[in-house]
Each structure stands twice: as C-alpha cells, then as structure tokens.
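Down below is the structure, laid out as structure tokens.
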Amino acid sequence: VRVHRMFSRDIPHEVVNYRLDLGAVSFVPRDAQLQATEILKDELTLVVPPKHPLAKRKEVEIEELGKEAFIAHIVESPFRRKVIELFARHRTALDMPMEMPTIESIKRFVQMGMGVAIVPRMCVAWEVEHGWMKEVHVKQLSIPRHLYIVSRRGARLPHTAAEFMRLLKKT
C-alpha cells in the first residue's frame, strides 16, 4: 500500500489514468468513468487554544469573530471560499494574517496560541478530545463536508485496494 499526497482536484485524473487505484476527495467527481463511495460525513468547525477567551463558550455568533486572527489553509478550495463568503454575508471582517500549507501546521499554531482556525472536525477530534484545543460552535457556521473514495467505474481493484475498501465500508 502506497499513499500519495496531492491536490484533491488532481486525484480523479490520476485514478482515471491508472496512476492511482483509489483516491480520497471531498467532492463527487463529474467524470462518468469514476464512481464515488461516501465513507465519512464531517463538517467544518472553529477551534481555539484552551486558554483563549472563547474557549469557555459553547456557542458564538459569527460577528463576534471579526476581531480574531485566523490561521488559514493556503490552498484554495471550495471550503475556504465558503468560509470567506460566510463572513462577507455577515459583514464581518475575516483577518487571516497567517496561511499554512497543511492542516497539521494550522493545528500547531492554534495550540501555540497564535490564532484560531476553521478546519474539518475529523482533523482536530483527537486534539479536542485531549484538551489541546477547544471546539466552539459558531451559530451561523454549517458547512458539511463529505469524504469519498473514488475508483474507476466497473474496474476490478487490486487485492490490497479491494481489501482497503472493504475495511472502509465496515466502519
């Protein structure tokens, strides 16, 4: 089993062209040669450092976040765009003084108290569970995120890929 990291937008092309047997993406590709199997339902969530003033709150309004420094993902994505549009709709400033290349780096900066972030819940569940970050519900933030495994439609998967899919369907 070999795992490759790449931009989600490139994964369907790599699967269609036999460079990958399977791909994990957060959208259903439009290519008729591909099939997508949903394996996880997730959503975006706000995380803050444990000692941040918002960490004591269960819920906040989006307008309350205009004074916060957000640590953002540098990669353009539909989810990043939806967050920016959400703040714009509520006429709330979105200050993103730091942009990081990975979710892992965003999490570390939040833990160090460098700012707050809106990230996929699945990416921070462990840190929240261990108290290294606090999750705060934002009343107006409802951006679902689904994770799909894509494969070539009708193609027979290699044994390891087929077994991986079987394990994913059990969870």
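The values are calculated or read from the model by the stated rules, or taken from the named source; none is laboratory data. All values reported here derive from a predicted model rather than from experimental measurement. FYI the Cβ positions are ideal-geometry reconstructions off the backbone, even for glycines, and counts take in every protein chain you see. Heads up: the accessible areas ignore ligands, DNA and RNA and are worked out on the full protein's heavy atoms, side chains in. Shrake-Rupley method; radii C 1.70, N 1.55, O 1.52, S 1.80 Å.
Somewhere in the stretch 101-108, is a residue within 27 Å of I11 (Cα to Cα), without any contact (Cβ under 8 Å) to a residue 40 or more places away in the chain and open to solvent by less than 30 Å² (accessible area, probe 1.4 Å)?
Scanning the stretch 101-108 turns up at least one residue that is within 27 Å of I11 (Cα to Cα), without any contact (Cβ under 8 Å) to a residue 40 or more places away in the chain and open to solvent by less than 30 Å² (accessible area, probe 1.4 Å).
Would you pick out the residues in the stretch 102-126 that are over 21 Å from S77 (Cβ atoms) and under 15 Å from the mean Cα position of the chain (by Cα)?
Within the stretch 102-126, just W126 meets the criteria.
Could you please find all residues in the stretch 124-134 being surrounded by fewer than 17 Cβ atoms within 10 Å (Cβ to Cβ) and touching a residue at least 12 places away in the same chain (Cβ under 8 Å)?
Those that are surrounded by fewer than 17 Cβ atoms within 10 Å (Cβ to Cβ) and touching a residue at least 12 places away in the same chain (Cβ under 8 Å): V128, G131, W132.
Can you spot a residue in the stretch 31-47 that is touching a helix residue (DSSP H, G or I) at 6+ places or on another chain (Cβ under 9 Å), open to solvent by less than 70 Å² (accessible area, probe 1.4 Å) and assigned to a loop (DSSP other than H, G, I, E, B)?
yes
Any idea which of E64, E99 is more than 16 Å from V47 (Cβ to Cβ) and touching a strand residue (DSSP E or B) at 6+ places or on another chain (Cβ under 9 Å)?
Just a single option satisfies the conditions, and that option is E99.
Consider R91 carefully, then state whether it is of a type outside the set (A, V, I, L, M, F, W, C) and assigned to a loop (DSSP other than H, G, I, E, B).
Criteria met by R91.
Looking only at residues in the stretch 54-78 that are open to solvent by 30 Å² or more (accessible area, probe 1.4 Å) and assigned to a helix (DSSP H, G or I), which one is nearest to H146 (Cα to Cα)?
Step by step, filter the stretch 54-78, then rank; the result is P78.
Suppose we keep only residues that are under 30 Å from L20 (Cα atoms) and among the polar types (S, T, N, Q) within the stretch 135-171. Which one would you say is least open to solvent (accessible area, probe 1.4 Å)?
Filtering the stretch 135-171 for residues that are under 30 Å from L20 (Cα atoms) and among the polar types (S, T, N, Q), the one least open to solvent (accessible area, probe 1.4 Å) comes out as S151.
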